[in-house]
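Single-structure report; data block below.
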Amino acid sequence: MVKNVHVIIFLACFWGFCFPFNAESTAKSNSSEVIDQGFQSIPDFKFKRCLLKYLCRNLGKEESDIIVSKVKVSRNRAVPVGKISIRLSRKDTGRLAGNVKLNAIVSVNGIEENNVRIYSWIDVFESVVCASRDLKRKDIIREDDVYLARKNISHMPPNTVRGLSKVVGLTMKHNVKADTCLKGWMVEKTPAVKRGDMVTIMAESDDLKVTIPGRVMEKGCLGELVKVENIISKKEIYARVINNLAVMVNF
């Protein structure tokens with residue numbers, strides 16, 4: 001009998017200690033769940049996906065033309081539960097290629113909650129103009145002198161020429177080797193007139209047209225103002241180049 005009493009007392013003490021501990025543990029667990037349910041985390045890959053869409057939209061490219069790598073997302077902390085929207089922006093006005101840093105404004109239910117930084121390396125592929133043969137200084141570029149090649153422009157200067165129509169008819173300012181990607185500084189407009197050329201100087205109004213012979217004093221391209229000499233009066237004036245035979249003076 002005494003033995004049974006001791007057993008009962010032992011069991012009572014055992015349960016007395018265990019129940020409060022379990023209740024406290026349960027309370028803490030419930031509290032933790034409430035905190036977790038009130039916030040949500042945004043995986044880094046969602047920022048990368050937003051970045052790719054931003055690049056396609058701003059560069060006018062397809063996803064196949066862009067490779068995003070070395071992505072680092074900073075300040076990505078948990079935000080309140082709700083509908084998430086992410087808006088990307090940037091402070092600098094440089095190219096969206098190479099090293100690119102963007103800000104990502106995270107809003108929940110229309111309220112801004114966080115400002116995330118996204119660092120990445122962007123490779124952009126585009127068709128650029130290359131020389132199909134060795135080109136020499138003063139050569140006028142013809143259609144068969146150039147071709148388009150798909151290149152990674154992230155490693156190229158921003159003045160790399162895109163579009164054959166932008167160089168055909170222009171004059172080479174420097175010698176270049178075949179397969180060289182052409183840059184803007186390598187070419188110039190082909191002059192329509194040059195120093196010493198004889199032209200007709202035209203002046204027109206609503207009811208009057210005057211033409212006199214003139215001599216060009218400097219080279220000029222179509223649409224440019226050049227200095228010309230009036231052969232009759234020997235005076236020098238400025239006129240706009242119409243073609244290789246005529247210039248126009250405004251009354």
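Scoring 224-233, 87-96 by mean Cβ neighbours within 10 Å over their residues and listing the highest first yields 224-233, 87-96. Considering the stretch 125-188, its Cα convex hull presents a mean projected area of 3.6 nm². The calculated pair-distance distribution of the stretch 44-123 uses every alpha carbon pair, bins of 5 angstrom beginning at 0, and gives 3, 15, 28, 25, 16, 9, 5, 0 percent.
Average 1/r across all pairs of distinct alpha carbons in the stretch 92-142, invert it, and you get the Kirkwood radius: 15.5 Å. When every alpha-carbon pair in the stretch 109-228 is counted, what percent end up more than 17 Å apart? Within the stretch 109-228, distances greater than 17 Å cover 68 percent of Cα pairs.
Give the shape of the stretch 198-250 as rounded, prolate or oblate, defined through the alpha-carbon gyration tensor: a ≥ b ≥ c are the square roots of its eigenvalues, a/c under 1.5 means rounded, and otherwise the shape is prolate if a/b is larger than b/c and oblate if not. Oblate, because a/c is 1.5 or more while a/b does not exceed b/c.
Taken together, the values in this text are just the output of simple stated rules run on the coordinates, not laboratory data. Here the structure is a predicted model, which means the values were calculated and not measured. Here Cβ is always computed from backbone atoms with ideal geometry, including for glycine, and neighbour counts include all displayed protein chains.
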